[in-house]
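The values are calculated or read from the model by the stated rules, or taken from the named source; none is laboratory data. What you are looking at is a predicted structure, and each value in this text was computed from that prediction instead of being measured. Quick reminder, even Gly has a Cβ in these numbers, built from the backbone with ideal geometry, and neighbours come from all protein chains shown. We work out accessible area using only protein heavy atoms, side chains counted, and drop any ligands, DNA or RNA first. Shrake-Rupley method; radii C 1.70, N 1.55, O 1.52, S 1.80 Å.
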Amino acid sequence: MWNTAAAFIGGCAFAVAGLVGLQRRAVAPSAPVPTPAAASGPVFCDGDPLAFLAIGGTQELTQAPPVIGHDADEHCLHRRFEAMLRRGQDKVCRAIEECDGEGKFRTDAWMREAGGGGISKVMAGGKVWEKAGVNLSVVWGKMPQEALCAATEEGPMYIKKLGLAKGEKVPFWACGLSCVMHPRNPHCPTMHFNYRYFEIDADNWWFGGGTDITPAYFDEEDMKHFHGTYKKVCDKHDPTFYPKFKKWADEYFRITHRGETRGLGGIFFDDLNDRNPNQIFDFAEECLDNVVTAYVPIIEKNKTKAFTEEQKRWQLLRRGRYTEFNLVYDRGTIFGLKAGGRIESILMTIPEVARWEYDHHPEPGSEEEKILKLFQNPREFV
């Protein structure tokens, strides 16, 4: 659900049901040597225009490799970015398991014959979360020029800079970590994040990412906490970041045919390459490092709240909106379907249960109407 190369074939929380059906063997995250097993497909994430990269030619592993990337220099940006995302993946999973109290993440891994692979960590049937997934992918190789244009709005500019002939493929290296979490309780919001780096060559590269939140019910204190956490991170690196990236999130995660946003935003950025890459690396690292800080306290506060059947119904109606956004506007889902990708993986972005009602309108003055007005007219929280 980004307008560029979001998530790089990383999986998402919506993937849990499909993963359980696959009955994959759990793997040790620090195993020394990857061993190919039966052919399988990777897990896709929200907003993944690069889904085509895993169409066919993938193998499930019985062990996750300690390093997926092929660069020998452990201090190069590629190796450091992968290592940073793997630390973030482990940190988020530990925090979610601790908060859930019952659910455990299972780990599986895959490699792509054309270059790269990924590690998916998914939880199904937790006490707090129905579905939770935090998924890494590191991929490289060559892609059609049309795919680059799907990966970034700046695609034509990059093709021109590279001086590529018509039909000549584009080299690339991409790495991303993606997550979506769907709690059971209507008072607990869904959360999504993705942080990624895409490189064509040493002179043509960009970072993208963001974290956003989708509650079914509005809690002013919770939204001030979530947005305040990311404003603090943004302000530390550039005081223009938060207002720009918050506005970008509100505009991107908009369900145009409904005239409302999917959730209550957060931050979103893409094609960020206007400064030293190490500076942007540090910003992305701090954003990822604050996912737990921004999200888990909200879940801890609300996870034991009682809720009614009507409140659960409203949550499912909002998940219907979530589904609409993914199927109608998410470039990754659309691209994957058109490209003939693995359907079970592509549609893992869809919530397990959602609801639609004909011409539904919340009761005037209700809590449901209150948050609907915020979806229709985004506002500042900090």
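The table for this structure:
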| item | result |
| --- | --- |
| Number of the condition not met by ARG355 [criteria: (1) touching a His at 6+ places or on another chain (Cβ under 8 Å); (2) at pLDDT 95 or above; (3) open to solvent by 30 Å² or more (accessible area, probe 1.4 Å)] | (1) |
| Residues satisfying the stated conditions in the stretch 225-248, i.e. open to solvent by less than 30 Å² (accessible area, probe 1.4 Å), assigned to a helix (DSSP H, G or I) and not polar (S, T, N, Q) | PHE226, HIS227, GLY228, TYR230, VAL233, CYS234, PHE241, TYR242, PHE245, LYS246 |
| Scan of the stretch 55-114 for residues that are free of Cβ contacts under 8 Å to residues at least 24 places away in the same chain and within 21 Å of PHE198 (Cα to Cα), ordered by number | VAL67, ASP71, ALA72, ASP73, GLU74, HIS75, CYS76, ARG79, ALA83, ARG87 |
| Every residue from the stretch 89-102 that is open to solvent by less than 10 Å² (accessible area, probe 1.4 Å) and touching a helix residue (DSSP H, G or I) at 6+ places or on another chain (Cβ under 7 Å) | VAL92, CYS99 |
| Filter pass, GLY263 being of a type outside the set (Phe, Trp, Tyr), in a strand (DSSP E or B) and closer than 29 Å to GLU367 by Cα | no |
| Number of the condition not met by GLY118 [criteria: (1) at pLDDT 90 or above; (2) out of contact with any helix residue (DSSP H, G or I) (no Cβ under 7 Å at 6 or more places or on another chain); (3) of a type in the set (Gly, Ala, Ser)] | (1) |
| Qualifying residue in the stretch 249-256 (condition: among the hydrophobic types (A, V, I, L, M, F, W, C), open to solvent by less than 10 Å² (accessible area, probe 1.4 Å), in contact with a Gly (Cβ under 7 Å, 6 or more places away or on another chain) and free of Cβ contacts under 8 Å to residues at least 60 places away in the same chain) | yes |
